[in-house]
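K.L.:
Before I ask anything, here is the structure I am working with.
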Amino acid sequence: MHTNHSDGSLSPSELVILAKEKGLETIAVTDHDTVSGIRECVSCGGGFGVDIISGVEIGIKNEESRGLTEIHILGYFIDCKNRKILSVFEKINQSKRNWLAKQIKKLSGIGIEVSSEDVKRTAGLAAPSRPHIWRAIEKNSQNKISKDDFFNRTKIGGDLFVRKDFELPLEDCIKIIHEAGGLAVLAHPGFHSIEKVVEVCVGAGIDGLEVKYFYGFGKGEDAKVVRRINELAEKHKLLKTGGSDFHDKNHGANLGSVPVPYEWLEKMKKRIQK
């Protein structure tokens, strides 16, 4: 789940309150490349009886030759005071701030005008990202590009893609998660070449796979993808996780709509205790 400390729309407290309303007992808060919202979540969760797993979702270095494009790694049970991981987050987020002007210039080249100030206002507490640029474009009522085209053309391989000046390699990402006391899990494998990416991640020391997820491929196809990921988790003796990837009403499944077996969480806790 994500808050407005990255690309979600709710504050940490608002997210916790909504989780309580949905009857959830435990949630993992995994903002992109930051743990700045965790303290508020934990404080609010204590008052509402919702347990908070301190987490993060880290975008890793694109390495096309290894099949690693637009790959995200989830870190669960992170020590939010670990200096090394906080230092890495600062480098990642500074690279996002450096990237913003270049991405805006690229968009301007095809007639899409949006200012850095508008994007920063939209981002608020968060480092700027593509969702923030898109929201700023929407607010300006520009109809020169559709949402799907925007995200397809600005991702790696697209004609509007701009590479950031710092990207964290897969192996380094898993290492810093472990050093911060956490578990590293491959996020939403179904969006990628599943077997190849899982094989690379297993070789890099991944702890688990995000098995249950709403992909939006269609009920039958989603179920097929989830079954295959579950099989790979069993094959490689990996931990299993899942979730809604809730950002807001327009992104991800509805909060609480992707139930996850409690035994999966228990196994994660046992692994951490080792």
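Quick note: the coordinates plus some simple rules give every number you see, no bench work behind them. For clarity, every value in this text was computed on a predicted model and none was experimentally measured. Note that each Cβ is placed from the backbone with ideal geometry, even for glycine, and that neighbours are counted across all protein chains shown.
K.L.:
So what is the relative contact order of the chain, in percent, for Cα pairs below 8 Å that sit 6 or more residues apart?
P.N.:
18
K.L.:
In whole angstrom, and with the biggest value first, how far do the Cα coordinates of the chain range along each principal axis?
P.N.:
Largest to smallest, the principal-axis extents are 53, 45, 42 Å.
K.L.:
Rg and Dmax in Å for the range 92-154, alpha carbons only: what are they?
P.N.:
Both quantities, over Cα of the range 92-154: 10.8, 31 Å.
K.L.:
Ok, one more. Using a cut-off of 13 Å between beta-carbons, work out the net charge of the residues near residue 79 (Lys and Arg +1, Asp and Glu -1, residue 79 not included).
P.N.:
Its environment carries a net charge of +3.
K.L.:
Please arrange 171, 234 by counting, for each residue, the other beta carbons lying within 10 Å of its beta carbon, fewest first.
P.N.:
On the way: 171 15, 234 12.
Listed from fewest to most nearby Cβ atoms, that is 234, 171.
K.L.:
For the chain, what is the calculated [θ] at 222 nm in deg cm²/dmol (nearest 500), taking -39500 (n - 2.57) for each run of four or more DSSP H residues and dividing by its residue count?
P.N.:
-14000 deg cm²/dmol
K.L.:
Quick one: order 125, 15, 107 by neighbouring beta-carbon count within 10 Å, fewest to most.
P.N.:
Numbers: 125 14, 15 27, 107 22.
Going from least to most buried by this count: 125, 107, 15.
K.L.:
Above 11 Å lies some portion of the pair distances; for the range 12-51, what is it as a whole percent of all C-alpha pairs?
P.N.:
Here the long-distance tail beyond 11 Å is 57 percent of all Cα pairs in the range 12-51.
K.L.:
Okay, moving on. Of all the Cα-Cα pairs you can form in the range 1-147, what percent are over 26 Å apart?
P.N.:
Of all Cα-Cα distances in the range 1-147, 34 percent exceed 26 Å.
K.L.:
Nearest 5 is fine: what % of DSSP beta bridges in the range 3-134 come out antiparallel, could you say?
P.N.:
55
K.L.:
Beyond 17 Å, what share of the Cα-Cα pairs of the range 177-274 is found? Please give it as a whole percent.
P.N.:
The answer is 52 percent, as a whole percent.
K.L.:
How much of the DSSP beta bridge set in the chain is antiparallel, as a percent to the nearest 5?
P.N.:
50
K.L.:
Rank the residues 219, 235 as a footprinting-exposure proxy: fewest other Cβ atoms within 10 Å of their Cβ go first. Present the calculation step by step, with values, prior to reporting the outcome.
P.N.:
Working: 219 7, 235 10.
Ascending Cβ contact count within 10 Å gives the list 219, 235.
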